[in-house]
Amino acid sequence: MQRLVNAWVWTETVLIVLFGFIYVSIVWIATAPFDPGRYAAGRAFRHLAVAVTGLNPYWHFHTSGLALQDPRRPYVVVANHESYADIFLMSHLKWEMKWLSKDTIFRIPVMGWMMRMAGDIPINRSSRGSGQQALDACRDRLAKKVSVMIFPEGTRSRGDDLLPFKDGAFQLAISTGTPILPVAIAGTRDAMAKGSFSFRRANAMCRVLEPIETAGLTSADLPALRDMTRQRISDARRQLQRELNEAKK
């Protein structure tokens, strides 16, 4: 049964990506002249992830927490990272953000083309120059009133504890005076484990926490900002895990 479900989910995912390419292309062509931040094209692309989730009988995803009053106020969104399923879960949030992603994903035919139309940002972590280009691209998106999304752990954690947070997201927030928007994720590790492309049963949640203002901060404040953000996400993640465990009973 699990093999049949996985075959179905991969089949519907491929079909949604193929037909979704037409959808995203139409939105991009129609809105590009007056939407330099590619907000509409990005939302269209996230809709595909929501559709994939809705057709997966193994996944039950929920969002909670802060509801943004102004979706065009930009934030540097930071979240813990448990699996590839994090992307599908966070796509359920009702506002657009541009994802900082490995450049190898942008090379995937059709998928990578849509990511570029959506305005997502590639990074090659083995190249210092690429890192600077990615930060410049993030600044560009923020200036166009679109949030950017960064996993500050840099990779998916295999254990219950968060990995150390890298400085890049916090440097970006301080240098641009953009608030940090923390998001806690729990349960997606069960949906798709690291090193596996097999779908499994999972209830997962993400919770949007209160923003952290950065106006007036300097580089000297970066360690405290980074550590405070990490602690808030860690505490909220543990609370989400408790809620998920209670729901299983």
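Every read-out reported here was derived from the displayed coordinates using simple, explicitly stated rules and does not represent laboratory data. It should be emphasised that the depicted structure is a prediction, and the values quoted were computed from it without experimental measurement. Neighbour counts run over all protein chains shown; Cβ positions are idealised from the backbone, glycine included.
Run the count for the chain, please: Lys pairs, Cα-Cα under 21 angstrom, 8 or more apart or on different chains.
8
Name the residue farthest towards the positive end of the dipole of the range 2-248 from the options 164, 199, 241, assuming +1 on Cβ of Lys and Arg, -1 on Cβ of Asp and Glu, about the Cα centre.
199
Of 139, 201, 107, which has the largest mean-square fluctuation in a 10 Å C-alpha GNM of the chain?
Among 139, 201, 107, the largest mean-square fluctuation in the Gaussian network model of the chain belongs to 107.
How far, in nm, would the chain grow between residue 70 and residue 127 when pulled straight, counting 0.36 nm per residue and subtracting the alpha carbon separation? Walk me through the intermediate numbers first.
Details: separation 57, 0.36 × 57 = 20.52 nm, distance 3.53 nm.
Stretched out fully, the residue 70 to residue 127 stretch lengthens by 17.0 nm.
Taking only C-alpha pairs under 8 Å that are 6+ residues apart, what is the relative contact order of the range 160-239 in percent? Present the calculation step by step, with values, prior to reporting the outcome.
Numbers: 98 pairs, mean separation 32.4, N = 80.
Once normalised by length, the contact order is 40 percent.
Which whole-Hz ³J(HN,Hα) couplings does the range 163-171 yield from phi under the Karplus relation 6.51 cos²θ - 1.76 cosθ + 1.60, θ = phi - 60°, glycine and proline marked x?
6, x, 7, 7, 7, x, 4, 7, 4
Starting from the 7 Å offset along Cα-to-Cβ, what nm value, one decimal, do you get for the label separation of residue 161 and residue 218?
So the two model labels end up 3.3 nm from each other.
Hey, fewest Cβ within 10 Å first, where do 101, 219 land in order? Each step should come with its number before you reach the end.
Values: 101 19, 219 11.
The most exposed by this proxy come first: 219, 101.
Give me the net charge of residue 51's neighbourhood, meaning all other residues with Cβ under 15 Å from the Cβ of residue 51; Lys, Arg count +1, Asp, Glu -1.
On the way: positive: 43, 46; negative: 12.
Result for the neighbourhood of residue 51: +1.
Per residue of the range 36-44, in order, report the coupling 6.51 cos²θ - 1.76 cosθ + 1.60 (Karplus, θ = phi - 60°) as ³J(HN,Hα) in whole Hz, putting x for Gly and Pro.
Running phi through 6.51 cos²θ - 1.76 cosθ + 1.60 with θ = phi - 60° gives x, x, 6, 5, 5, 5, x, 5, 4 Hz.
Only Cα pairs under 8 Å and at least 6 apart count here; give the relative contact order of the chain as a rounded whole percent.
On the way: 420 pairs, mean separation 59.2, N = 249.
Taking the mean separation of contacting Cα pairs over the length of the chain, I get 24 percent.
Under the rule of at least 5 residues apart or a separate chain, name every residue whose amide H is placed under 5 Å from the amide H of residue 147.
75, 98
Treating only the Cβ atoms of Lys and Arg (+1) and Asp and Glu (-1) as charged, compute the dipole magnitude of the range 112-249 about its Cα centre; round to the nearest 20 debye.
Using only the charged Cβ atoms, the result is roughly 560 debye.
Quick one: work out the % antiparallel among DSSP beta bridges in the range 2-248, nearest 5.
On the way: 5 of 25 bridges.
Once the DSSP bridges in the range 2-248 are tallied, antiparallel ones form about 20 percent.
Cut-off is 10 Å between beta-carbons; in what order do 210, 153, 96 appear when sorted fewest neighbours first? Write out the running numbers ahead of the final one.
On the way: 210 12, 153 19, 96 24.
Ordered by Cβ neighbours within 10 Å, fewest first: 210, 153, 96.
How large is ³J(HN,Hα) for each residue in the range 149-155, as worked out from phi by the Karplus curve 6.51 cos²θ - 1.76 cosθ + 1.60 (θ = phi - 60°), to whole Hz, x for Gly and Pro?
10, 9, 8, x, 6, x, 8
Which of these, 110, 24, 148, has the largest mean-square fluctuation under a Gaussian network model of the chain (Cα springs below 10 Å)?
110
With a 10 Å cut-off between alpha carbons and a GNM built on the chain, which of 21, 106, 197 moves the most?
Among 21, 106, 197, the largest mean-square fluctuation in the Gaussian network model of the chain belongs to 197.
So what's the net charge close to residue 227: Lys and Arg +1, Asp and Glu -1, counting the other residues with Cβ under 13 Å from its Cβ? All intermediate terms of the calculation are to be shown ahead of the outcome.
Numbers: positive: 166, 226, 230, 232; negative: 167, 221, 235.
Taking every other residue near residue 227 into account, the sum is +1.
Could you give the length gained on full extension between residue 11 and residue 84, defined as 0.36 nm per residue of separation minus the Cα-Cα distance, in nm?
Numbers: separation 73, 0.36 × 73 = 26.28 nm, distance 1.75 nm.
Residue separation times 0.36 nm, minus the Cα-Cα distance, leaves 24.5 nm.
What distance in nm lies between label points placed 7 Å from Cα along the C-beta direction at residue 113 and residue 55?
1.9 nm
Could you size up the charge dipole of the chain around its Cα centre, putting +1 on the beta carbon of Lys and Arg and -1 on that of Asp and Glu, and report it in debye to the nearest 20? Write down the numbers at each step before the final one.
Numbers: 33 positive and 22 negative charges, 84 e Å.
Result for the chain is approximately 400 debye, rounded to the nearest 20.
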